[in-house]
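Let me begin by presenting the structure, written as structure tokens, before commenting on it.
The values are calculated or read from the model by the stated rules, or taken from the named source; none is laboratory data. Remember, it's a predicted structure, so these values are computed and weren't measured experimentally. Here the Cβ positions follow ideal geometry from the backbone for every residue, glycine too, while neighbour counts run over all protein chains shown. Each accessible area value is taken on the protein alone, full model and side chains, heavy atoms only, with ligands, DNA and RNA left out. Shrake-Rupley method; radii C 1.70, N 1.55, O 1.52, S 1.80 Å.
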Amino acid sequence: MRKTNIQTWTEGWQEAYNREAEILLKIFKDEWVDVYHIGSTSIPSIGYAKPIIDILLVVKNVEKVEDFNDNMVLMGYKPRGENGIMYRRYFTKGNSNRTHHLHIYQIGHENVKRHLDFKAYLTAHPLDAQKYGELKMKLAAQFPDNTYDYQEGKEAFIKQLIKKVEKWTTSQQF
């Protein structure tokens, strides 16, 4: 079982994202549309995060992603298919010592906007980001050897955040 490892936020995570994004864009060549650094490692004000770089890759056609699986495996990624989210392709890197999570969606998929809105909200609301980081620290101390319970412990807070994000993004449209 993987351990819940929370670390203090570092600029090195942005550098790690930049290096990995460059590799991914070469692999996906003419298929990619956009690439984003998402998740807690992309938000300095969060303060703490698991040292796993979350990457959102937007492609022209998600059905073609499997064509790149062999190249992704050569780069250390494990293809995981949709992994519970329809029309997403998901890859992990680092086996039990994860370093990257890659979420791939086709252009126009609603989850692209959701991920970007979540990041934008936490970036614009550093106190909420800080509370989230503090919760991560508390849960990691409580469940150091159980990533499932750690994730479950975040669920209620994340649901509240999603409601705030939706209200905030709606108000930003006017």
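What to note about this one:
- Condition met for Gln130 (surrounded by fewer than 14 Cβ atoms within 10 Å (Cβ to Cβ) and over 30 Å from Lys64 (Cβ atoms)): no
- Residue count, the range 15-35 (criterion: open to solvent by less than 70 Å² (accessible area, probe 1.4 Å) and either in contact (Cβ under 8 Å) with a residue 24 or more places away in the chain or outside any strand (DSSP E or B) (or both)): 12
- Residue within the range 74-85 that is more than 29 Å from Tyr150 (Cα to Cα), not in a strand (DSSP E or B) and not hydrophobic (A, V, I, L, M, F, W, C) present: no
- Residue satisfying all of: in the range 1-28; among the charged types (D, E, K, R) and modelled with pLDDT of 95 or more; nearest to Met75 (Cα to Cα) among these: Glu20
- Count - residues of the range 1-14 that are exposed (fewer than 12 other Cβ atoms within 10 Å of the Cβ) and in contact (Cβ under 8 Å) with a residue 60 or more places away in the chain: 1
- Restricted to the range 139-163, and to residues there that are more than 19 Å from the chain's Cα centre (by Cα) and within 17 Å of Ser40 (Cβ to Cβ), the residue that is surrounded by the fewest Cβ atoms within 10 Å (Cβ to Cβ) is Ala141.
- Test result for Lys78, more than 14 Å from the chain's Cα centre (by Cα), open to solvent by 20 Å² or more (accessible area, probe 1.4 Å), over 29 Å from Ile6 (Cβ atoms) and modelled with pLDDT of 95 or more: no
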